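Below is one structure, written out as structure tokens, with a few remarks after it.
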């Protein structure tokens, strides 16, 4: 990062934390503030990226605000864990008291593509996850604290006492459930035809896979089926001859499919096309984040140093209408000249900007985003 870009970003982030930009001052203070560890990463004007400054603690909201106002961090984190001594320099000395339950949805792990497309796709995963947590796992909507991450995803915090003492293994069971890990045909196809929860999703995934097979030409159908473990040309031909009846059985009497050798091969966990169908039904939460009981998480209300956007707390009722490229943007339309490394098209604040490699004049909000991403440097100097 060049010195001019470093100064530009520091000035803009400082304006936010000191109350001179939209949304400034609306920084969330977590429960049990004095039991939380804090960590910060700062902008660097050199070639070497700045490391994290952590093992810090605060005794009051005023101390948090003063630190942000005077130090102007690029990234702000606090611990999901509660500690007896959060400021201790060694993790073993902190005295773990429990941790909030966290789910992290990151578009990078789900889809690749234009930034706005990734944001729309990860929101779909968020709605799936909320539905599983509330309709199937016993959490109420008021238990869930939802935040846009400030970049490419969402975080769900569950700070309730009921989960605070869970260890990593207990949290892994939960994330395995929402991600559809370890499902077996025996448990998913047995029981009433209608099914609930993962039984319903698994059967829908199987029907989708049977529909996909039906849409292939004959050679592709045969090639796919005979590529499955233990399926001969004869078995494949018999299965294809009865495919329509099998699809009907899958919808009406799924348990009978357990007797079908081809169905057992199709639903084998090693069969990627079917597992992709399961993945499409799952909520693709990041397992290491949920199972880490000593995690640092982005601080709601802070700015994300990789985008310049606000880590935005959200009510569930606001999610459908929430547009990160408008609602999480805190800087305005003052014109700034930047030097872009390559051509790109980027939507922000309700407009799309087609930028050339080299010099471009853009709104300040876009200039902050591009500089934070390392795509551009401040120009004209």
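Every number here is computed from the coordinates shown, using simple stated rules; none is lab data. This is a predicted model, so every value here is computed, not measured. Note: ideal-geometry Cβ built from the backbone for every residue, glycine included; neighbour counts use all protein chains shown.
Taking every C-alpha pair closer than 8 Å and separated by at least 6 residues, the mean separation divided by the residue count of the chain gives a relative contact order of 19 percent.
I'd like the orientation of helix 364-373 relative to the chain: the angle between its Cα long axis and the longest Cα principal axis, in ° from 0 to 90, rounded to 10. Helix 364-373 and the main axis of the chain meet at about 70 degrees. So how far, in whole Å, is the C-alpha centre of region 132-206 from the one of region 341-380? If we compute the Cα centre of each part, the gap is 38 Å. When you count the other C-beta atoms within 10 angstrom of each residue and take the mean per peptide, 231-244, 281-294 line up highest first as 281-294, 231-244. For region 185-281, the relative contact order is 40 percent, taking Cα pairs closer than 8 Å that sit 6 or more residues apart in sequence and dividing their mean separation by the residue count.
Counting only alpha carbon atoms, the long axis of helix 61-71 and the longest principal axis of the chain meet at about 70°.
Compared with the dominant principal axis of the Cα atoms in the chain, helix 3-17 is inclined by about 90°.
For the chain, set up a Gaussian network in which alpha carbons nearer than 10 Å are linked by springs, and say which option among 320, 107, 365 fluctuates the most. Among 320, 107, 365, the largest GNM mean-square fluctuation belongs to 320. Over the Cα atoms of region 335-378, the radius of gyration divided by the Kirkwood radius equals 0.90; this is the Rg/Rh ratio.
Once percent of Cα pairs over 30 Å apart is calculated for the structure shown, the corresponding label among (i) 51; (ii) 39; (iii) 47 turns out to be (i).
A viscosity of 1.567 mPa s and a temperature of 4 °C, combined with the Kirkwood radius over Cα pairs in Stokes-Einstein, give a translational diffusion coefficient for region 185-281 of 97 µm²/s.
As a proxy for reagent exposure, 196, 203, 85 were ordered by neighbouring Cβ count within 10 angstrom, fewest first; the result is 196, 85, 203. Principal semi-axes of the equivalent ellipsoid, √(5λ) from the alpha carbon gyration tensor of region 251-331, are 42, 17, 12 Å from largest down.
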